[in-house]
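The next block holds one structure in the form of structure tokens; read it before the comments.
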Amino acid sequence: MTDNITLTGTVGSDPRAVTTAEGLAVTSFRLASSQRRFDRAQEKWVDGDTNWYTITTFRQLAANTAVSVKKGERIVVSGRLRVRDWELNGKRGINVDVEADALGHDLSWGTASFSRGAGAVSTGVSAVSTGASTTAAQAFPTEAQLEAIVEGQPQPHSTVEVRDAETPF
């Protein structure tokens, strides 16, 4: 059974864009979602607990997300919920992931300008292993390549410089 969910929240990490060895564009980031409520005793709005989600996008949505979403922005995400238990080196936890079907800026918090893309275009990027600390082969498309994807401009086949995971663009 698939659980669908719609979330609003703040982008908590810089989106990380990768292209797999098979040419699949993937962008992921963390989303913080806090419930706000009015406390009548204090007569003010207060934040409740914060839930953290890992949001993952694929294909054209991944390319559009990589050039459109930045850390600190308010967004709305709709997708499929997946809750997974994990254990590593004696520690246990739970990951809450959402595979996004759609996302966009939350217009309750600001304005946006929409630009329609021409469809999916291959970046010609091949995956490159970034080292022992990384479990999957990855390559980071440049900002210019991602913008060209969104605008539907074909890109020449080339190699891509692998950058620091903290600042992929």
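Here the Karplus curve 6.51 cos²θ - 1.76 cosθ + 1.60, taken at θ = phi - 60°, turns the phi angles of segment 45-52 into couplings of 7, 10, 7, x, 5, 9, 9, 10 Hz, with x standing for Gly and Pro. Scalar couplings 3J(HN,Hα) for segment 64-77, obtained by applying the Karplus form with A = 6.51, B = -1.76, C = 1.60 to θ = phi - 60°, are 5, 5, 4, 9, 10, 10, 10, 4, x, 7, 8, 9, 10, 10 Hz; x denotes Gly and Pro.
Built from the Cα atoms of segment 3-113, the convex hull projects on average onto 9.6 nm², one quarter of its surface area. Annotation: amide H-H contacts under 5 Å for Gly12 (H modelled 1.01 Å from N, sequence separation of 5 or more, or interchain): Arg30, Leu31, Ala32, Gly72.
Label sites at Ala41 and Lys91, each approximated as a point 7 angstrom past Cα along Cα to Cβ, lie 3.4 nm apart. In order along segment 94-104, the Karplus-derived 3J(HN,Hα) couplings, from 6.51 cos²θ - 1.76 cosθ + 1.60 at θ = phi - 60°, round to 10, 9, 10, 10, 10, 8, 6, 9, 7, 7, x Hz, and Gly and Pro are given as x.
Relative contact order of segment 3-113: what whole-number percent is it, with Cα pairs under 8 angstrom and at least 6 residues apart? Walk me through the intermediate numbers first.
Details: 236 pairs, mean separation 32.1, N = 111.
Value for segment 3-113: 29 percent.
For segment 27-89, a crude dipole built from +1 on the beta carbon of Lys and Arg and -1 on the beta carbon of Asp and Glu, taken about the Cα centre, is about 280 debye to the nearest 20. Each of Glu73, Glu43 was scored by other Cβ atoms within 10 Å of its Cβ. Listed from fewest to most, they are Glu43, Glu73.
If you put +1 on each Lys and Arg Cβ and -1 on each Asp and Glu Cβ, how big is the dipole of segment 3-113 around its Cα centre, in Debye rounded to 20?
Working: 15 positive and 14 negative charges, 33 e Å.
It comes to approximately 160 debye.
If you stretched the chain out fully between Arg59 and Lys71, how much longer would it get, using 0.36 nm times the residue separation minus the C-alpha to C-alpha distance?
Details: separation 12, 0.36 × 12 = 4.32 nm, distance 2.07 nm.
The span from Arg59 to Lys71 would gain 2.3 nm if fully extended.
Since every read-out is calculated from the coordinates, none of them should be taken as a lab result. Computed from a prediction, not measured in an experiment: that's the story for all the values here. Cβ atoms come from the backbone with ideal geometry, glycine included; neighbour counts cover every protein chain shown.
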